[in-house]
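**Student:** Provided herewith is a single structure, encoded as structure tokens, for subsequent inquiry.
What follows is calculated from the coordinates using simple rules that are stated; it is not laboratory data. Being a predicted model, the structure only gives us computed values, none of them experimental. Please note: Cβ atoms are built from the backbone with ideal geometry, for glycine as well, and neighbour counts cover all protein chains shown.
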2 protein chains.
Amino acid sequence: MKPSIALSERTTVHRASERGHHDRETVHAIVDAAWLCHVAFTDRDAETGEPYPVSLPTACWRMGDQVFIHGSNGSRMMKRLASGAPVCLSVTLLDGMVLARSAFSHSMNYRSVVVFGQFEVVPETDKPAVLDAFMDHIAPGRRMEARPGDVHELKATTVLALSLAEASAKIRAWGPHDKEGDESLPVWAGVLPLREQRLAPVPDARTAEQGRPLPEYLSAWLQAQPAAPAMNKD
Amino acid sequence: MKPSIALSERTTVHRASERGHHDRETVHAIVDAAWLCHVAFTDRDAETGEPYPVSLPTACWRMGDQVFIHGSNGSRMMKRLASGAPVCLSVTLLDGMVLARSAFSHSMNYRSVVVFGQFEVVPETDKPAVLDAFMDHIAPGRRMEARPGDVHELKATTVLALSLAEASAKIRAWGPHDKEGDESLPVWAGVLPLREQRLAPVPDARTAEQGRPLPEYLSAWLQAQPAAPAMNKD
């Protein structure tokens, strides 16, 4: 029995419940495999005051049982989220198209996490460590080379933390499930797999001009190529 | 001058406005390059009635100036969206990590679209053509082979259309922009590119058993491999 995240009504997977996961290990692995999330919150029309939903992509990273985002203090989204507005954060990794023998049974393979809650503002004193973790997520080793943020840059940046306490994961990682009677149709069925591919680092003009070699920590970029999507037995 | 989508307050790109695009061609190309979107809407707590935002991933496709999604009639999300609730639909394609000489100037390359509006229910008579377009989006040619949806399957499926009238795109597709004074730092700077890679089709057990060859229309899957991300001049 893996350690589980407590279920709430809105994190209980109702549809295709065989895809639902609530253990921390699964939720963490999906968040860690992602570079970005979508954050949904409610905004209000400047003139009418009418509420409307907004969903924006932003970079994310995890430490412990929290997921973090960051942005400029001046950003409307950051201000709204820092105020403790209710949010829904989603991370989705697409692993392939699932071609069944009937149009209706087609599907997709994917790994996704949905989190409900409210962001908390990361205090000034904790920012350096949390932003270091972000850099380690993107390119481990890089923060030893790049110029670190100065006081003004840190002050201009809002860092927000969202607890993974109310999170759930969904995974589909198998071949087509045809309806009874369709299995014998003379149709090619299977999966068209997709993965996020890392391509060779491209130096900018000045780096190329200087003939600056690729730092050792960046050769890990290509070595850490994600494997082809997992495919469980049909 | 490309044909533009009318600007609204909420689709005007305020931050990093050099990344903003409002022409139809750009918006359409990004939606067409995506398999899925995130749809944000407001739901209400079953007990307290308190509103909260929800953002869920779902497959999407485009015809003309509308983007479509579909799902089971029984799905809570489909019911809510079919009622005309205000939504925000986002499509995000990540093209790479941008490594600048200072931690603060790091960024990401991406193409994204955000659409505001309300879904409309696609009438029963239009469903077959709209769902055909979905199949053509996933695997052109496949609908000539797979069993088409029957009356019951079509009836059980809700198909929803969202106008792209209130849409905007953001694109970042260039190298790092360092702050003045940072350009001379002895730091490797450039882009770690990412792309969605198509892997070879994997037949399911029965298809493999039968020795059924890959249909001609599916060999296009690998041939249509997306190019490496575009990189404009620094």
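**Student:** As an exercise, use a Förster radius of 60 Å and the Cβ-Cβ distance of A:ARG212 and B:LYS79 to find the FRET efficiency, rounded to the nearest 0.05.
**Tutor:** The computed FRET efficiency comes out at 0.60.
**Student:** Tell me the net charge near A:PRO128. Cut-off is 13 Å between Cβ atoms, A:PRO128 excluded, with +1 for each Lys or Arg and -1 for each Asp or Glu. If you can, show how the numbers build up before the last one.
**Tutor:** Values: positive: A:LYS127, A:ARG143, A:LYS155; negative: A:GLU124, A:ASP126, A:ASP132, A:ASP136, A:ASP150, A:GLU153.
Here the count lands on -3.
**Student:** Would you mind computing, in nm to one decimal, how far apart the modelled labels at B:GLN225 and A:HIS177 are, each placed 7 Å from Cα along Cα→Cβ?
**Tutor:** Between B:GLN225 and A:HIS177, the simple spin-label model gives 3.3 nm.
**Student:** Moving on. How far apart are the A:ALA227 label points across copies, placing each 7 Å from Cα toward Cβ, in nm, shortest first?
**Tutor:** Relative to the other copies, A:ALA227 has label-point distances of 3.4 nm.
**Student:** With θ taken as phi - 60° and the coefficients 6.51, -1.76 and 1.60, list the Karplus ³J(HN,Hα) couplings across segment B:34-50 in order, rounded to whole Hz; mark glycine and proline as x.
**Tutor:** 9, 9, 9, 10, 10, 10, 9, 8, 9, 10, 10, 4, 4, 8, 8, x, 5
**Student:** Can you count the Lys pairs in the protein assembly as shown with C-alpha separation below 18 Å, eight or more apart or on different chains?
**Tutor:** Summing the qualifying lysine pairs gives 14.
**Student:** Still on this structure: Contact order normalised by length for chain B, with contacts defined as Cα pairs under 8 Å and 6 or more residues apart; what percent is it?
**Tutor:** Working: 409 pairs, mean separation 54.5, N = 234.
Once divided by the residue count of chain B, the mean separation gives 23 percent.
**Student:** Sticking with this structure for a sec: Could you work out, for segment B:9-176, what percent of all Cα-Cα pairs fall into each 10 Å distance bin, beginning at 0 Å and stopping at the bin that holds the largest distance?
**Tutor:** 9, 33, 31, 18, 7, 1
**Student:** As an exercise, find the ratio Rg/Rh for the protein assembly as shown from alpha-carbon atoms, using the Kirkwood inverse-distance average for Rh.
**Tutor:** So for the protein assembly as shown, dividing Rg by the Kirkwood Rh gives 0.96.
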